[in-house]
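Peer 1: Here you go, one structure.
The values are calculated or read from the model by the stated rules, or taken from the named source; none is laboratory data. Predicted, not measured: the structure shown is a model, and the values here were computed from it. We place every Cβ from the backbone using ideal geometry, glycine too, and count neighbours over all the protein chains shown. These accessible areas exclude ligands, DNA and RNA; they are computed on the full protein's heavy atoms, side chains included. Shrake-Rupley method; radii C 1.70, N 1.55, O 1.52, S 1.80 Å.
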Amino acid sequence: MEEKSVLLEAKGICKQFNGIPVLKNVNLEIRRGEVHALMGENGAGKSTMIKIITGVYTMDDGQILMEGKPVTISCRQDARCCGISVIYQELSLIPALTVTENIFLGQEISRFGFTKKKEMRRQVKALIEKYGFDLDPDMLVSSMGMAQRQMVEILKALSMEAKLIIMDEPTASLSAAETETLFKTIDGLRQKGTSILYISHRLEEIYRMADRLTVMRDGENVGVLTREEMTPQKVTTMMIGHEIKEDKNRERRQRYEGNCLEVTGLAYKNILKDVNFKAYGGEILGIGGLVGTGRTELIRCIYGAEKPSRGKITLNGKPVSRSIAKNIKAGFGLVPEDRRNEGFVPLLSIEKNLAIASYDKLARFGVVNRKKEINFAQEAIRGYDIRPPMRHLPVGNLSGGNQQKVVLGRWLSRKPLVLLLDEPTAGVDVGVKHELYHLMRALATTGSIVIMVSSDLAELTHVADRILVMHDGRFFEEFTHENATQTAILLAASGVHTSEGVPL
Amino acid sequence: MKKVIKFLGNQWGQRVTILVLIMVVMAVFQQNFFKPANAMSILLAISLYGIMACGMLFVVLVGGIDLSVGSMAALTASILSIYADRSGYTMAGFLTGVLVSIAACILVGIVHGILVTRFALPAFVVTLATKYIIYGVVLLVTGGHFVHIIDDGIMYKLGNYRVFGQIPMPIVIFVLCAVICALILGTTVFGRRLYATGGNPVASKLVGIKTDFSVIVSYIICSISAGIGGMILASMNMQAGPTTANGYEGNVLTAMVVGGLNLAGGEGGVTGAVFGALLVGIINNMLILLGVPSDMTTFVQGIIIISAVSLNMYTSRRSQGIVVEKTKKSDIKA
């Protein structure tokens with residue numbers, strides 16, 4: 001196979017945020033007509049890299065060459081002129097407009113201020129025919145499914161004569177059949193000479209589509225693999241790097257068999273298929289897997305925030321209610337994934353955010369016992385070291401870590417039997433992270449069940465006593481704390497068994 | 001300059017500043033303003049708006065709005081007048097009228113609440129529609145005519161009696177309403193949940209709050225307070241009919257906005273609503289004392305709304321916070 005010519009070359013890209021280097025001398029080379037995958041763990045710098053190529057951020061140092069010529073990309077318009085287009089996870093189409101109107105949005109062909117509809121329609125039609133898309137130029141976007149909308153986005157990119165189309169997790173919101181259609185579209189584009197930069201966490205997609213693969217880790221690129229070199233083991237090892245051997249002989253907590261949460265045959269929409277597990281008091285159960293595999297839905301089902309379509313959830317033999325309020329009384333607590341939107345009330349004070357779920361204890365006949373409320377808050381602020389320790393401060397003004405302490409503290413103060421945590425340390429700085437781990441451990445030691453969903457592999461191997469990895473709506477593999485390695489968990493999340501884990 | 005902004009950004013700073021400004025103007029031009037009798041007349045003028053504003057506060061706290069309060073007042077005024085009149089102004093007739101009125105308020109509140117929560121309709125549209133519906137009901141009930149009240153008993157006293165020979169009844173009821181509302185918001189679990197619901201409904205649901213319930217009860221409280229206002233108004237005017245309390249929702253909303261309440265919900269208290277009503281009353285009073293023709297007052301009211309909101313927007317901590325968050329670098333470039 002002849003070597004294709006280079007389309008875009010980024011050399012020595014550096015970028016700092018507040019003095020913290022996010023990209024360190026990153027190189028990226030994309031050839032004409034290839035599907036180039038970009039992989040890396042969360043926080044490896046993939047998104048920053050894309051934002052630099054597309055002109056959202058400016059780089060501190062480095063050079064971008066387009067077809068061998070150096071270009072400066074300092075705004076999105078520059079990127080568009082160079083022929084670079086992005087298709088974001090959340091699409092930017094206007095649902096009330098037709099395909100044609102959306103494609104020409106902001107760059108309508110017009111004369112004397114009147115748009116030339118026929119001309120635009122003709123051009124869109126020509127494009128659709130050229131690439132063989134299954135689209136009608138007059139169709140309303142609101143009547144289309146996700147996959148078709150994505151096609152419109154791609155068409156929009158092509159209408160601007162894009163040579164490079166960047167796709168950020170394009171399959172995240174697609175069904176299996178829709179994914180198949182997208183792959184066909186991508187194949188078609190590749191044959192017509194358009195390059196694709198494909199970002200995804202799903203290894204299987206990468207193996208299927210990518211011609212070459214760049215792996216990033218901690219703001220550096222670790223290497224470029226060609227199609228022949230790509231194996232799951234190699235890719236995961238590159239993503240994770242050298243694993244620090246942890247001290248696995250840490251103090252074990254006692255398992256309280258008396259406190260047991262059991263889930264059998266749980267299904268939810270078409271996300272969760274058949275989930276079975278038991279969690280015991282005294283242990284921190286980690287739930288791993290890729291984003292969007294139903295981990296969040298699982299704990300929301302347990303908590304009563306979603307209604308499972310099938311299956312049984314019992315706590316100590318008794319079925320768990322479908323009402324959140326009843327579950328809280330029975331000893332459940334949830335730290336949601338989206339802290340800002342679901343975790344707390346930003347305008348309310350620390351005190352009231354802490355007390356909000358505990359008025360069954362802090363009030364009588366519907367009237368709040370102010371003294372108890374203040375004590376409750378002050379103990380929590382002291383006990384969990386919430387800073388600044390001012391109970392009147394609105395939680396929206398705190399740092400991410402302290403906000404999370406408030407959300408977590410709200411439950412810890414109730415001594416819950418079951419605490420469900422969804423990405424508890426996302427967006428939290430390292431120091432606070434360890435404080436949160438400490439609080440979780442302390443709770444488990446008292447005999448509570450702690451279930452933690454996390455995408456942070458280091459966190460799973462470090463904190464969890466037992467790790468269940470989800471894949472395709474089921475638990476795929478189980479690891480004990482002693483045997484778990486980050487590589488093995490990542491492979492399990494992609495559907496590859498390893499010797500470290502126990503297949504389920 | 002920073003200190004000035006900080007002082008003005010504080011709600012009390014704003015309120016004090018405005019009051020001082022008014023006092024200075026009045027001290028120069030019209031000293032009658034400071035007479036105790038004038039204070040009483042200001043309070044009497046705002047007591048109805050104040051009562052209604054206290055109820056509307058609940059709805060605004062959960063991020064809603066109720067445009068039907070004026071028509072609701074007309075309805076209860078008419079119902080009470082008719083019951084009182086037909087019974088020959090007996091106590092029993094009066095009490096039945098009050099109970100039927102309150103029942104009507106509760107019904108309307110529930111309808112508002114359910115349409116807003118279960119059917120997810122915008123509160124603005126729902127209450128705009130019910131405003132017309134309720135006025136329609138008033139027309140049906142009264143036959144389009146005014147009901148005149150001829151009584152010197154309870155039906156007269158409700159709006160005109162002076163407690164201790166000094167304080168008009170409406171002011172007493174206004175103060176009572178304000179205190180009750182402040183207690184509900186400040187000391188009950190329901191109050192806490194109301195603020196949470198308004199501040200972040202999703203998070204509230206996840207801590208086990210029945211947010212729909214909070215919202216429905218808010219609309220009920222709002223309707224009831226409007227209804228109380230209407231009944232007092234009937235007594236003050238000694239008549240009730242289709243045009244009673246016409247356009248009151250505008251005055252109540254003005255009080256809310258001038259009081260510095262966040263119409264997006266989750267923030268504010270009775271002091272804001274009361275202060276807003278008070279300020280509007282003071283400014284209207286000021287215009288009268290200064291001899292500004294009454295045709296000008298509505299014009300000035302509009303100016304006041306815009307000034308109050310601008311002042312709030314530019315100085316309050318909250319609006320600054322939002323501006324900082326929303327304008328990221330990437331957005332400017334796009």
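Peer 1: Classify chain A from the C-alpha gyration tensor, please: rounded if a/c falls under 1.5, else prolate or oblate depending on whether a/b exceeds b/c.
Peer 2: The shape class here is prolate.
Peer 1: May I pose another question? Rolling a 1.4 Å sphere over the protein heavy atoms, what is the accessible area per residue of segment B:202-323, to the nearest Å²? Mind showing how you got there, number by number?
Peer 2: Working: 4670 Å² over 122 residues.
Averaged over the residues of segment B:202-323, the accessible area is 38 Å².
Peer 1: Could you list, in their original order, any pairs among A:Lys46/A:Lys273; A:Lys69/A:Lys163; A:Lys307/A:Lys415; A:Lys125/A:Lys156 whose Cα atoms are separated by more than 22 Å?
Peer 2: The answer is A:Lys46/A:Lys273; A:Lys307/A:Lys415.
Peer 1: Please report the relative contact order for segment A:343-413, taking Cα pairs under 8 Å with a sequence separation of at least 6, and give it as a percent rounded to a whole number. Each step should come with its number before you reach the end.
Peer 2: Numbers: 87 pairs, mean separation 32.9, N = 71.
Dividing the mean separation by the residue count of segment A:343-413 yields 46 percent.
Peer 1: For all pairs of alpha-carbon atoms in segment A:343-413, what percent lies in each bin of width 5 Å, listed from the first bin to the last filled one?
Peer 2: So the P(r) values, bin by bin, are 3, 20, 33, 25, 13, 5, 1, 0.
Peer 1: Further, regarding this structure: Just the number, please: carbon plus sulfur as a percent of the accessible area of segment A:6-240, 1.4 Å probe, no ligands or DNA/RNA counted.
Peer 2: 50 percent
Peer 1: Something else: Report, in debye and to the nearest 20, how large the dipole of the protein assembly as shown comes out about its Cα centre when Lys and Arg carry +1 and Asp and Glu carry -1 on their Cβ.
Peer 2: 1660 debye
Peer 1: Using the alpha-carbon atoms, what tilt in degrees (0 to 90, nearest 10) does helix A:176-191 show relative to the longest principal axis of chain A?
Peer 2: Approximately 30 degrees, to the nearest 10.
Peer 1: Given A:Lys15/A:Lys269; A:Lys278/A:Lys329; A:Lys4/A:Lys184, which pairs have Cα atoms separated by over 32 Å? Don't jump to the answer; show the numbers that get you there.
Peer 2: Details: A:Lys15/A:Lys269 42 Å; A:Lys278/A:Lys329 21 Å; A:Lys4/A:Lys184 21 Å.
Pairs exceeding the cut-off: A:Lys15/A:Lys269.
Peer 1: Ranked highest first by average number of other Cβ atoms within 10 Å, how do A:224-231, A:369-376 line up?
Peer 2: Final packing ranking: A:369-376, A:224-231.
Peer 1: Another one. Taking 8 Å as the Cα distance limit and 6 or more residues as the minimum spacing, I'd like the relative contact order of segment A:6-240 as a percentage. Spell out each step's value before the answer.
Peer 2: On the way: 433 pairs, mean separation 67.2, N = 235.
Relative contact order of segment A:6-240: 29 percent.
Peer 1: Counting only other chains, what is the mean number of Cβ atoms within 10 angstrom of the Cβ of each residue in peptide A:303-311?
Peer 2: The shielding value for this peptide is 1.
Peer 1: May I ask you to derive the relative contact order of segment B:55-246, considering only C-alpha pairs under 8 Å and at least 6 residues apart, and to give it as an integer percent? Intermediate results must be reported in sequence, preceding the final value.
Peer 2: Details: 308 pairs, mean separation 86.2, N = 192.
The normalised contact order for segment B:55-246 reaches 45 percent.
Peer 1: Another question about this same structure. Rank by packing, highest mean first: peptides A:126-136, B:63-73, B:234-244, A:269-279, with packing defined as the count of other Cβ atoms within 10 Å averaged across residues.
Peer 2: Result, highest mean Cβ count within 10 Å first: B:63-73, B:234-244, A:269-279, A:126-136.
Peer 1: What residues have an amide H closer than 5 Å to that of A:Val222, excluding those fewer than 5 places away on the same chain, when H is modeled at 1.01 Å from N in the peptide plane?
Peer 2: Amide H neighbours of A:Val222, under 5 Å, 5+ apart: A:Val215, A:Met216, A:Arg217.
Peer 1: Turning to a different aspect of this structure: Using the heavy atoms of the protein chains and a 1.4 angstrom probe, tell me the accessible area per residue for segment A:439-504 in square angstrom.
Peer 2: Result: 29 Å² per residue.
Peer 1: Can you pull the mean other chain C-beta count within 10 Å for peptide B:181-190? Kindly include the intermediate steps, with their values, before the conclusion.
Peer 2: On the way: counts 0, 0, 1, 2, 0, 2, 6, 6, 11, 5.
Across B:181-190, the average partner-chain Cβ count within 10 Å equals 3.
Peer 1: With springs only between Cα atoms under 10 Å, which of B:Ile167, B:Ile224, B:Ile42 fluctuates most in a Gaussian network model of chain B?
Peer 2: B:Ile167
Peer 1: Further question: For segment B:59-160, what is the accessible area per residue in Å², given a 1.4 Å probe and the full set of protein chains?
Peer 2: Ligands and nucleic acids excluded, the figure is 45 Å² per residue.
Peer 1: As a test of the formula, what do you get for chain A when each DSSP H run with n ≥ 4 contributes -39,500 (n - 2.57) and the sum is divided by the residue count, at 222 nm and rounded to the nearest 500 deg cm²/dmol?
Peer 2: Result for chain A, helices only: -9500 deg cm²/dmol.
Peer 1: Enter the Cα centre distance for the pair segment A:286-328 and segment A:96-156, rounded to the nearest angstrom.
Peer 2: So the separation of the two Cα centres works out to 43 Å.
Peer 1: Using a simple charge model, +1 on the beta-carbon of Lys and Arg, -1 on the beta-carbon of Asp and Glu, nothing else, what dipole does chain B show about its Cα centre, in debye to the nearest 20?
Peer 2: The dipole magnitude comes to about 1320 debye.
Peer 1: What is the angle, in °, between the Cα long axis of helix A:430-445 and the longest principal axis of the Cα atoms in chain A? Nearest 10 is fine, range 0 to 90.
Peer 2: 40 degrees
Peer 1: Another question, then. Gaussian network model of chain B, Cα springs within a sub-10 Å range: biggest mean-square fluctuation belongs to which of B:Gly50, B:Gly186, B:Gly109?
Peer 2: For chain B, modelled as a Gaussian network with Cα springs under 10 Å, the answer is B:Gly186.
Peer 1: In addition: On the protein heavy atoms, probe 1.4 angstrom, tell me the percent of accessible surface of segment B:1-126 carried by carbon and sulfur. Kindly include the intermediate steps, with their values, before the conclusion.
Peer 2: Details: 4530 of 6000 Å².
Result for segment B:1-126: 76 percent of the exposed heavy-atom area is carbon or sulfur.
Peer 1: Quick check: pseudo-label points 7 Å beyond the Cα along Cα→Cβ at A:Thr231 and B:Leu19, how many nm apart are they?
Peer 2: Each label point is offset 7 Å from its Cα along the Cβ direction, giving 8.0 nm.
Peer 1: Right, another one. Tally up the carbon and sulfur contribution to the accessible surface of segment A:343-413 as a whole percent, 1.4 Å probe, everything protein left in place.
Peer 2: Percent of accessible area from carbon and sulfur atoms in segment A:343-413: 53.
Peer 1: Using only Cα atoms and rounding to the nearest 10 degrees, what angle (0 to 90) does helix A:146-159 make with the longest principal axis of chain A?
Peer 2: 40 degrees
Peer 1: Please give the FRET efficiency for B:Tyr132 paired with B:Ile110, using the beta carbon to beta carbon distance and R0 = 25 Å, rounded to the nearest 0.05.
Peer 2: Efficiency, rounded to the nearest 0.05: 0.85.
Peer 1: In addition: For peptide B:207-216, what's the mean number of Cβ atoms from other chains within 10 Å of each residue's Cβ?
Peer 2: 4
Peer 1: So, by mean Cβ neighbours within 10 angstrom, what's the order for A:107-120, A:57-70, B:171-184 with the highest one leading?
Peer 2: B:171-184, A:57-70, A:107-120
Peer 1: To continue, here is another question. Accessible area lost on pairing B with A, both sides, 1.4 Å probe, Å² to nearest 100? Before the final figure, lay out each step's value.
Peer 2: Values: alone 16750 and 23360 Å², together 37860 Å².
What B and A bury together is about 2300 Å².
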